[in-house]
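Student: Mind having a look at this structure? Questions to follow.
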Amino acid sequence: MMSGSSFSPPSLPAGSGGLFRGYTKLCKGLAVILLLVHLVVQLFPSAVTYLTLIPGRTIPFAWNLLTAGYVEQTIPGVVVSIIGLLLFGKLLEPLWGSKELSKFIFIVNFSTSACVFMTAIVLYYITQQEIYLYTPLSGFYGVLSGLLVGIKQLLPDQELNLFVLHIKAKWIPSLVALISIVVSFFVNDLMSYLPVLLFGIYMSWIYLRYFQKRLETGLKGDPSEEFSFSSFFPEFVRPILDPIASVFHRLLCGRSERSDARGETLDTSPLPGSDSIEANRRRERGQRALEQRLAEKLAAVRSSEGTSLDAADKV
């Protein structure tokens with residue numbers, strides 16, 4: 001295994017003829033949609049009214065809850081969204097499959113927009129400031145932050161090299177949330193993106209924790225301690241968060257846990273160690289997929305070197 005080794009996103013295979021070669025069809029298609037929608041908004045500014053989430057106009061424009069997530073109004077925004085989608089999607093799609101990844105993106109995008117809409121309405125009634133009703137809200141950042149949560153779940157112990165820092169993947173969503181909150185106090189423009197980022201992280205965790213179907217067991221969700229709500233926070237605050245999180249856990253799970261599932265007793269209490277075993281299996285699948293990609297990359301490099309040597313010999 002490669003635990004503890006530095007992790008970098010998979011590279012393009014040798015022989016690729018363009019920027020988008022080597023990435024999955026689903027992610028390339030969504031990247032094209034992001035680019036086209038951005039161009040439409042730039043060429044026709046009035047389209048912002050119909051495509052972005054404007055809480056005061058969501059009724060009757062209810063489709064905004066779906067379209068807003070795919071509208072990037074700035075060039076840096078669309079560039080970051082496309083690059084993030086291609087890199088994160090290329091890592092997650094082999095593990096989840098195209099159907100599950102597209103389902104995940106749809107659910108996170110819609111639920112994030114719905115939460116942002118309700119938050120804006122509540123803030124308006126509290127403050128009576130119309131800015132909460134008529135500020136156009138949009139961006140793919142909710143889905144991107146959700147994909148980071150997926151990476152945290154599958155490859156929590158892989159290290160990401162961020163300039164001079166070496167950070168494990170399980171801390172990336174928390175770090176993104178913390179930096180966004182801090183920066184929003186100094187950059188007013190970021191304030192409109194903050195709810196999208198935070199709800200994207202939370203709603204993706206809700207889906208992965210309680211609703212995503214696990215093919216190997218037939219159960220839903222990920223009950224492992226390594227993916228609990230408190231795992232997003234430092235250890236010294238977990239004793240405070242765990243009792244609160246347990247209340248929501250019981251509300252969301254209810255009696256949906258099957259008593260005859262493998263690794264559970266008749267009273268739906270998991271057998272000792274079953275959560276950690278499931279988490280280890282998930283990490284092993286992620287590790288195998290990563291090792292396979294690195295092996296393909298190495299083989300491609302060797303192939304290109306062999307081709308270069310053959311050409312030199314012929315000369």
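Student: Yes or no: ILE172 part of a helix (DSSP H, G or I), within 30 Å of GLY56 (Cβ to Cβ) and not aromatic (Phe, Trp, Tyr)?
Tutor: So ILE172 fails the test.
Student: In the range 218-249, what count of residues is obtained for those that are β-branched (Val, Ile, Thr) and either open to solvent by less than 40 Å² (accessible area, probe 1.4 Å) or in contact with a Cys (Cβ under 7 Å, 6 or more places away or on another chain) (or both)?
Tutor: 1
Student: Looking at LEU65, LEU36 in this structure, which one is part of a helix (DSSP H, G or I), open to solvent by 10 Å² or more (accessible area, probe 1.4 Å) and at pLDDT 95 or above? Break it down into steps so the answer makes sense when it comes.
Tutor: Working: LEU65 fails: at pLDDT 95 or above.
LEU36 is the lone residue from the list that is part of a helix (DSSP H, G or I), open to solvent by 10 Å² or more (accessible area, probe 1.4 Å) and at pLDDT 95 or above.
Student: Against the definition (open to solvent by less than 70 Å² (accessible area, probe 1.4 Å) and of a type in the set (S, T, N, Q)), how does GLN42 come out, yes or no?
Tutor: no
Student: Please specify each residue of the range 149-189 satisfying the condition of being modelled with pLDDT under 90 and of a type in the set (Lys, Arg).
Tutor: Residues satisfying the conditions are LYS168, LYS170.
Student: Of all residues in the range 68-79 being touching a residue at least 60 places away in the same chain (Cβ under 8 Å) and in a helix (DSSP H, G or I), which is surrounded by the fewest Cβ atoms within 10 Å (Cβ to Cβ)?
Tutor: GLY77
Student: Further question: In the range 210-227, is there at least one residue being at pLDDT 85 or above, of a type in the set (A, V, I, L, M) and farther than 23 Å from VAL71 by Cα?
Tutor: no
Student: Next question. Among the residues in the range 176-198, are any in a helix (DSSP H, G or I), more than 22 Å from GLY97 (Cα to Cα) and in contact with a Lys or Arg (Cβ under 8 Å, 6 or more places away or on another chain)?
Tutor: So far as the range 176-198 goes, no, none of its residues is in a helix (DSSP H, G or I), more than 22 Å from GLY97 (Cα to Cα) and in contact with a Lys or Arg (Cβ under 8 Å, 6 or more places away or on another chain).
Student: Taking the condition of a type in the set (A, V, I, L, M, F, W, C), surrounded by 19 or more Cβ atoms within 10 Å (Cβ to Cβ), modelled with pLDDT of 80 or more and farther than 19 Å from LEU87 by Cβ, does PHE199 pass?
Tutor: yes
Student: Hey, could you check the range 125-169 for residues that are farther than 30 Å from PHE61 by Cα and free of Cβ contacts under 8 Å to residues at least 12 places away in the same chain and say which is least open to solvent (accessible area, probe 1.4 Å)?
Tutor: If we take residues in the range 125-169 being farther than 30 Å from PHE61 by Cα and free of Cβ contacts under 8 Å to residues at least 12 places away in the same chain, then ILE167 is least open to solvent (accessible area, probe 1.4 Å).
The values are calculated or read from the model by the stated rules, or taken from the named source; none is laboratory data. Computed from a predicted model, the values in this text were never measured in an experiment. Every residue, glycine among them, receives a Cβ derived from its backbone with ideal geometry; neighbour counts consider all protein chains shown. Note: areas computed on protein heavy atoms with side chains; ligands, DNA, RNA excluded. Shrake-Rupley method; radii C 1.70, N 1.55, O 1.52, S 1.80 Å.
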